[in-house]
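Q: This is the structure I want to talk about, given as structure tokens.
The values are calculated or read from the model by the stated rules, or taken from the named source; none is laboratory data. All of these numbers come straight from a predicted model, not from anything done at the bench. Methodologically, a virtual Cβ is constructed for each residue, glycine included, from the backbone with ideal geometry; neighbour enumeration extends over all protein chains shown.
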Amino acid sequence: ETGVTQSPTHLIKTRGQQVTLRCSSQSGHNTVSWYQQALGQGPQFIFQYYREEENGRGNFPPRFSGLQFPNYSSELNVNALELDDSALYLCASSLQDGNEKLFFGSGTQLSVL
Amino acid sequence: RKEVEQDPGPFNVPEGATVAFNCTYSNSASQSFFWYRQDCRKEPKLLMSVYSSGNEDGRFTAQLNRASQYISLLIRDSKLSDSATYLCVVNRDGGFKTIFGAGTRLFVKA
């Protein structure tokens with residue numbers, strides 16, 4: 001196992017609500033990235049946090065936001081949920097050492113009704 | 001056009017076959033390259049890094065052609081357990097952005 005844990009594993013929300021997903025990175029890893037994976041698609045990069053700051057972002061609107069804490073764990077917040085936000089949300093931790101190998105958690109399956 | 005494009009698949013092959021996956025990327029500033037494997041309803045897992053000199057790990061061989069912006073993965077002597085989706089991955093912006101292809105699904109049949 002990777003040592004990356006995500007919670008919750010499954011979540012059901014209704015349109016317009018807000019959601020917070022959590023991720024604990026692998027011991028020793030200082031970087032956390034978040035991805036959205038729709039059914040049948042590859043993971044889409046949302047953003048990356050390094051030393052508690054967002055330092056890379058994909059094509060996602062501002063209602064997708066995040067935090068990284070001093071222990072390198074992270075949260076993904078999504079406001080004003082839309083039906084299309086239904087997806088598997090994956091967190092990956094890595095060591096910012098130029099290697100960029102990602103170690104994923106098992107994801108949070110979000111359903112927006 | 002997507003930044004990382006892969007063969008759409010799926011590939012259906014018998015056990016023992018050799019199968020090749022192709023991937024192209026559009027951003028010439030891309031710095032590092034990987035293949036990940038994703039089993040159904042599971043998270044992606046790193047299969048191998050890809051280097052210009054080519055690298056091999058058992059039955060798996062990966063190759064990078066920077067001039068053509070092309071990445072390949074060759075699987076020899078396919079096993080039933082190789083059935084999965086194979087994701088081509090490109091990293092850029094100093095490591096701050098990782099882009100996944102849509103994946104190619106492989107079915108290995110007995």
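Q: Assigned to a strand (DSSP E or B) and at pLDDT 90 or above: which single residue out of A:Leu81, A:Leu76 fits that description?
A: Selected residue: A:Leu76, the only one of A:Leu81, A:Leu76 that is assigned to a strand (DSSP E or B) and at pLDDT 90 or above.
Q: If A:Asn71 satisfies all but one of (1) out of contact with any Gly (no Cβ under 9 Å at 6 or more places or on another chain); (2) more than 25 Å from A:Glu100 (Cβ to Cβ); (3) not in a strand (DSSP E or B), what's the number of the condition it fails?
A: Among (1) out of contact with any Gly (no Cβ under 9 Å at 6 or more places or on another chain); (2) more than 25 Å from A:Glu100 (Cβ to Cβ); (3) not in a strand (DSSP E or B), the lone unmet condition for A:Asn71 is (2).
Q: A:Phe60 versus (1) surrounded by fewer than 17 Cβ atoms within 10 Å (Cβ to Cβ); (2) under 17 Å from B:Tyr36 (Cα atoms); (3) aromatic (Phe, Trp, Tyr): which is the lone unmet condition?
A: (2)
Q: Would you mind telling me which numbered condition in (1) of a type in the set (Gly, Ala, Ser); (2) at pLDDT below 95; (3) buried (at least 19 other Cβ atoms within 10 Å of the Cβ) A:Ala87 fails?
A: The one condition A:Ala87 does not meet is (2).
Q: How many residues, within the range B:32-56, are in contact (Cβ under 8 Å) with a residue 40 or more places away in the chain, farther than 13 Å from B:Tyr70 by Cα and at the interface with chain A (Cβ under 10 Å from one of its Cβ atoms)?
A: The number of residues fulfilling the criteria is 3.
Q: Sticking with this structure for a sec: What number of residues within the range B:25-64 satisfy the criterion of being of a type in the set (Val, Ile, Thr) and surrounded by fewer than 19 Cβ atoms within 10 Å (Cβ to Cβ)?
A: Residues that pass the stated criteria total 1.
Q: Please name all residue pairs, on different chains or six or more residues apart, with Cβ atoms under 8 Å, provided the first residue is in the range B:1-18 and is surrounded by fewer than 15 Cβ atoms within 10 Å (Cβ to Cβ) and of a type in the set (Ser, Thr, Tyr) and the second residue is modelled with pLDDT of 95 or more and in a loop (DSSP other than H, G, I, E, B).
A: Within 8 Å, the pairs are B:Thr18/B:Arg76; B:Thr18/B:Asp77; B:Thr18/B:Ser78.
Q: May I pose another question? So in the range B:82-101, with the set limited to residues that are more than 7 Å from chain A (Cβ to nearest Cβ) and of a type in the set (S, T, N, Q), which one is farthest from B:Ala62 (Cα to Cα)?
A: B:Ser83
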